[in-house]
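Colleague: Here it is, the structure in full.
Read-outs: derived from the displayed coordinates by stated rules, not from any lab. Please read all numbers here as calculations on a predicted model, not as lab measurements. Here Cβ is always computed from backbone atoms with ideal geometry, including for glycine, and neighbour counts include all displayed protein chains.
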Amino acid sequence: MMAVITALFMAWAIGANDSAKAVGTAVGSGVIGFKRGVLLIGVFTTLGVLLGGAGVSGTVARLAGNMTTAQVGLVLFSAASAVTLASLWGRPISTTQSVIGGLVGAALALGLPVDWWTVGKIVSAWVLSPLVSALFAIAVYRIYKPVLRRIKCLRNLELTQKWLVFTASAFSAFNLGANELSNVAGLMEGAGIDGPFKLILALTLAFGALTFSYEVMMTVGRDISPLGPTSAFSSQFGASLAVSAANLIGLPVSSGQAIVGSISGLGLYKGEHVNLRLLAGIVKGWVIAPLFAGAISYFLVTALA
């Protein structure tokens, strides 16, 4: 029962923080409203966790292979606590990093072997994903902008941009379900809880987005670098391509790192203002999150398990 409650807490925390990475650019640039963004999150995250998360959930489940259901619950509680604190701060952090950090902390506390090779691959993906996302965003922008110039009718131009931003956000929301939420689903599968529970996790994530995600959305969509519809689409789609590539090879990466990398990378490429102080704070959070979750997990497992 505790594992179920903490899994729901983690799903809510993902909605409160990571949903900003799927629709933050669309909401921050004014293309869609906040409530429509939440609806988009609910629909496409559900599709992602049901249809696209098998590789990622399998990788995470292997890391927790020797843990009991109660111990998995403590890992999820530790990760969700770290993510919730970041959401209160209005900062996008990596729920994926928090889960992996919690798993490593619990394994060390229990004296279980840690698959450092898998952990090393995951960490290397965390380092590479913002860089790859930035490159993808720049490539999309270079292809996308000349195409838009050929559209002479202003009304058609605005409609095209809105639909493309919406499509990119839907793609990102699908990836959120297929990657971040699949981390939780994978841990619960290892505990023997599967099937309809994925749908419950997705609905809980949407509730987290509705109740607690606005500040993080504004950080992503407004505060890092100025975003118009063209930049919003390029950043979002570039990040989605990077996360999709990771999904295909079963690596749990952070959609947050991907979108922050694509927004800041494209902003620098265009010569626009990038809030480097905010960016440094976000990167610091990426380092602190898995360490904090790992430390809480180590303490709780040592004390309670």
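Colleague: Within 10 Å of each candidate Cβ there may be at most 11 other Cβ atoms; applying that plus a DSSP loop requirement, which trypsin sites (Lys or Arg not before Pro) in the stretch 134-203 survive? Numbers along the way, then the final one.
Modeller: Values: sites: Arg142, Arg149, Arg150, Lys152, Arg155, Lys162, Lys198; in loops: Arg150, Lys152.
Within the stretch 134-203, the qualifying trypsin sites (Lys or Arg not before Pro) (loop, at most 11 other Cβ atoms within 10 Å) are Arg150, Lys152.
Colleague: Could you order peptides 42-50, 28-36 by the average number of other Cβ atoms within 10 Å of their residues, highest first?
Modeller: Answer by packing, highest mean first, reads 42-50, 28-36.
Colleague: Helices from the chain with mean Kyte-Doolittle at least 0.0 and a Cα length along the axis of 24 Å or more, per DSSP H: which?
Modeller: 34-51, 69-89, 116-149, 154-178, 229-248, 276-304
Colleague: Cross-link list Lys121/Lys284; Lys162/Lys198; Lys121/Lys162; Lys35/Lys284: which exceed 25 angstrom alpha carbon to alpha carbon?
Modeller: Beyond 25 Å: Lys162/Lys198; Lys121/Lys162; Lys35/Lys284.
Colleague: Moving on to the next point. Specify which labelled value, from (1) 18.6, 61; (2) 27.8, 89; (3) 18.4, 66, agrees with Rg and Dmax of the Cα atoms in Å derived from the coordinates of the model shown.
Modeller: Of the labelled values, this structure produces (3).
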